[in-house]
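Below you'll find the structure, written out as structure tokens, and then a few comments.
The values are calculated or read from the model by the stated rules, or taken from the named source; none is laboratory data. Not measured: the values here are computed from a predicted model. For neighbour counting, all protein chains shown are included, and Cβ atoms are generated from backbone atoms with ideal geometry for every residue, glycine included.
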Amino acid sequence: MKKILPFLLIPTLAVPALAQEETAFLPQAVFSNEKGETFVGWVVAATEKEVRYRIRKGQVDHIDARIKDFTTFYLLQDKQYTEALDLFESGKYKEALEAFQKYKVISKPVAQLPNNYHTLAGYYELECLRNIGDLQGLATALQSFIKKPLLREDHLRQLDLYVMWDAVRAEDWGRVVAIGAEMDEVQLIDSQRVQVGYCKGLGLQKLNRTREALNEYGIAISIDAGGSRTLSQQAAINSLQIYFDDPEVQVAIKNWKIPDENKNSFGYARLLEAGKLAKAYESLIKSDKSLPKDYAKFLDYAPADK
């Protein structure tokens, strides 16, 4: 208690912005000052510059203070947010989406604080929508999303990538490829590089630039395959579609192990590529989608295990 008492002497500030209706949501935060005194308080409300808190959760009185007067001030991650994040990290995106949306409603009192969990819940709501493929829902949710409290560079970069995803939603394939080319020059974390590879590959495939598309899909498949399983899986299926639709590959299939077989042809080489990819899909990439029947036939042309 000795370390807490000096803060009880701080006069109550006249902060109209904090004069908002109180809710049952009282997140904990860590406070410390220049004297090295540290304590945990319960946040009643906050703006970007000021905070209203209680020393004990159940007390009636509160203290208003300027955030800049503390050497340390940060919110602690609470149970409801943690549970929602656990669902997200387990790949249960629909359940996580519902949990983050509920959390956003109750956590509005801290929405203006830098790096607050209300804004982070909104960010993960966007990520849930992207991961379940609801690009229209993503576009709608972005309209009301306020990014200012976000501080992490990878979070801010993901917001940039949503421009590319919106071009996918609009089926503006030339724009998808152009944005992807721009992002090739930007430093991204692996999961974001997978997104660029997938979207750019999709755009190139739709523009009938299939060999280039295969290169981009290869990036989506090989980088962070475990952490971006959904996109890696779809990139592999799309690649097998390109191989299957290739007339030269179909000729190689027709001539497999008969006198007309030409092992020096592009079609034969691509058929072997398709076989290797189909095998990799079954053993390494597959998450929740079995290979379509036509593409599963490529397994017949996969190299034998040694």
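What to note about this one:
- The residue that is nearest to Ala220 (Cα to Cα), among those in the range 239-270 that are modelled with pLDDT under 95 and among the charged types (D, E, K, R), is Lys263.
- Meets criteria (at pLDDT 95 or above, within 32 Å of the chain's Cα centre (by Cα), basic (Lys, Arg) and surrounded by 11 or more Cβ atoms within 10 Å (Cβ to Cβ)) for Lys286: no
- Residue match in the range 149-159 (condition: in contact (Cβ under 8 Å) with a residue 40 or more places away in the chain and either in contact with a strand residue (DSSP E or B) (Cβ under 8 Å, 6 or more places away or on another chain) or assigned to a helix (DSSP H, G or I) (or both)): no
- Restricting the range 98-109 to residues that are farther than 22 Å from Glu50 by Cβ and not charged (D, E, K, R), the residue that is surrounded by the fewest Cβ atoms within 10 Å (Cβ to Cβ): Val105
- Taking the criterion of being without any contact (Cβ under 8 Å) to a residue 12 or more places away in the chain and hydrophobic (A, V, I, L, M, F, W, C), the only residue of the range 85-138 that qualifies is Val105.
- Of all residues in the range 36-78 being of a type in the set (A, V, I, L, M, F, W, C) and part of a loop (DSSP other than H, G, I, E, B), the one that is nearest to Tyr117 (Cα to Cα): Leu76
- Residue selected from the range 110-147 under the condition surrounded by fewer than 22 Cβ atoms within 10 Å (Cβ to Cβ) and acidic (Asp, Glu), by the criterion nearest to Gly41 (Cα to Cα): Glu127
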